[in-house]
Amino acid sequence: MEPDRECVRCIVNVRLGEVISSVKDRDRSIELQLKVLEKATEWFRKSNELTIIATRIFQWLIREAPEIANYYRELKRESILDAWSSIEGFRRYTEELEGFDRFHYAVRLSIAGNILDTGVHGHTAPSSLGLEYVSKTPFGIDHTKKAYELLRSRDLRIAWLFDNAGESVYDTVLLEEIRSMGNYVVGIVKDDPGFQNDLTINDAYYAGIDEYVDEIVSTGCSCSSIHRPGVSEEAWRIIRDSDLIIAKGMAHYEYLSTMSLDRPVLHLLIPKCRPVASSLGVGKGVFVALLRD
């Protein structure tokens with residue numbers, strides 16, 4: 001996705017916030033913030049793909065300030081524990097439903113977890129989800145019926161691209177539904193130290209996410225999406241050989257929506273900024289289940 005005029009402010013402010021939250025020495029903090037501005041200038045002039053720009057600046061920053069990776073590691077562990085402490089109510093509600101209704105609610109829950117994103121300027125992630133939020137938030141795009149028919153039509157090999165760490169816990173109900181239909185799911189996560197609060201391979205095992213997929217594989221990089229040639233050959237082979245890609249979150253939408261992968265892609269996300277919402281033709285904050293054939 002090409003940068004919008006608002007994207008510079010968003011990426012720069014998120015990076016500056018990470019420095020302020022993590023680097024306590026005054027002089028070093030100021031110096032790093034000034035360097036962030038220099039790196040942002042460099043990468044916005046060097047690349048015209050938004051997720052690559054965001055990734056390169058973040059990768060540079062955590063090399064300069066490793067405490068930012070530690071900050072996110074603690075944040076992710078808290079988010080995972082908060083999600084597990086609240087999920088049972090959603091699971092009990094889902095068990096009262098059947099067929100498409102059950103699938104549709106599991107999709108709602110999975111999308112709702114995307115609100116836990118900490119990487120969008122002006123968006124504050126809640127600590128956990130509420131029942132009313134999951135049940136009542138409107139869809140801007142709802143292709144769940146089409147996705148349901150596809151998933152139960154035959155045994156599919158699915159590449160599931162995880163997003164935020166806490167969000168992954170809310171994905172588990174939908175993962176159970178998809179696998180119960182006879183589908184094989186390979187979970188694809190970021191390599192450590194990861195990108196912002198996205199799920200890494202170590203986070204996945206910490207959260208027990210490996211129990212809800214048939215395999216779990218790292219991309220081999222800490223990129224915001226499945227950038228080529230950043231991802232490992234193993235991860236790319238799994239993506240290439242899949243029958244369906246399920247991509248969580250805005251970054252995967254921003255990157256994959258400009259690519260032709262010759263297979264269906266189901267995007268599950270909440271647009272939390274105007275540029276992404278506008279590209280989808282919906283308002284901010286709605287649920288999106290977009291199936292691209």
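Proximity of backbone amide H atoms, modeled 1.01 Å from N, is registered between Ser218 and Val189 at under 5 Å, excluding neighbours fewer than 5 places apart on the same chain. At full extension, Arg9 and Leu131 could sit 40.6 nm farther apart than now, given 0.36 nm per residue minus the alpha carbon distance.
In Å², and per residue, what accessible area does the chain have when probed at 1.4 Å with the other protein chains present?
Working: 12230 Å² over 293 residues.
Per residue, the chain has 42 Å² of solvent-accessible surface.
Find, among the trypsin sites (Lys or Arg not before Pro) in the range 94-189, those assigned to loop by DSSP (not H, G, I, E, B) with at most 15 other beta-carbon atoms within 10 angstrom.
Numbers: sites: Arg102, Arg108, Lys136, Lys145, Lys146, Arg152, Arg154, Arg157, Arg179; in loops: Arg152, Arg154.
Listed in order of number, the matching sites are Arg154.
For the range 1-139, the residue among Leu50, Thr137, Ile87 whose Cα projects farthest onto the positive side of the dipole built from Cβ charges is Leu50. In the range 160-293, a dipole from Cβ-located charges (positive for Lys and Arg, negative for Asp and Glu) runs towards its positive end, and of Ser225, Pro271, Tyr212 it is Pro271 whose Cα lies farthest in that direction.
Note on the chain: antiparallel DSSP beta bridges, both residues inside, total approximately 20 percent of the bridges counted.
What percent do you get for the relative contact order of the chain when only Cα pairs under 8 Å and 6+ apart count?
Values: 504 pairs, mean separation 58.9, N = 293.
Relative CO of the chain lands at 20 percent.
Mark the label point 7 Å from the Cα of Met181 along Cα→Cβ and return the residues of the range 127-166 whose backbone N is within less than 17 Å of it. Flagged as within label range: 142-161.
Going from the alpha-carbon gyration tensor of the range 39-125, what semi-axes, largest first and in whole Å, does one get by taking the root of 5 times each eigenvalue? Don't jump to the answer; show the numbers that get you there.
Numbers: eigenvalues 256, 64, 15 Å².
Working through the eigenvalues yields semi-axes of 36, 18, 9 Å.
By the rule of a C-alpha distance below 30 Å, with chain neighbours fewer than 8 residues away ignored, the lysines paired with Lys76 are Lys24, Lys35, Lys39, Lys136, Lys190, Lys248, Lys272, Lys284. Charges were assigned to the Cβ only: +1 to each Lys and Arg, -1 to each Asp and Glu. The resulting dipole of the chain about its Cα centre is roughly 840 debye. Pop out the carbon and sulfur fraction of the accessible area of the range 105-203 as a percent, whole number, probe 1.4 Å. Ligands and nucleic acids excluded, carbon and sulfur give 48 percent.
At 15 angstrom or more along the helix axis (alpha-carbon based) and mean Kyte-Doolittle of -1.0 or higher, what helices does the chain contain? Whole DSSP H runs only.
Values: long enough: 7-22 (23 Å, 1.04); 26-46 (30 Å, -0.97); 50-64 (22 Å, 0.79); 67-95 (42 Å, -0.94); 99-112 (20 Å, 0.25); 165-180 (23 Å, -0.01).
Once both thresholds are applied, what remains is 7-22, 26-46, 50-64, 67-95, 99-112, 165-180.
Rounded to the nearest 500, what is the 222 nm mean residue ellipticity of the chain from helices alone, with -39500 (n - 2.57) per DSSP H run of 4+ residues and division by all residues?
Numbers: 12 runs with 155 residues, N = 293.
Per the formula, -16500 deg cm²/dmol.
For the range 87-173, give the magnitude of the charge dipole about the Cα centre (Cβ charges: +1 Lys/Arg, -1 Asp/Glu; no others), in debye to the nearest 20. Working shown, then result.
On the way: 10 positive and 13 negative charges, 50 e Å.
The dipole magnitude comes to about 240 debye.
When the charge dipole of the chain is built from unit charges on Cβ atoms (+1 for Lys and Arg, -1 for Asp and Glu) and taken about the Cα centre, the candidate among Asn197, Leu34, Gly122 whose Cα reaches farthest toward its positive end is Leu34.
The values are calculated or read from the model by the stated rules, or taken from the named source; none is laboratory data. Being a predicted model, the structure only gives us computed values, none of them experimental. Note that we place each Cβ from the backbone using ideal geometry, even for glycine, and neighbour counts take in every protein chain shown. These accessible areas exclude ligands, DNA and RNA; they are computed on the full protein's heavy atoms, side chains included. Shrake-Rupley method; radii C 1.70, N 1.55, O 1.52, S 1.80 Å.
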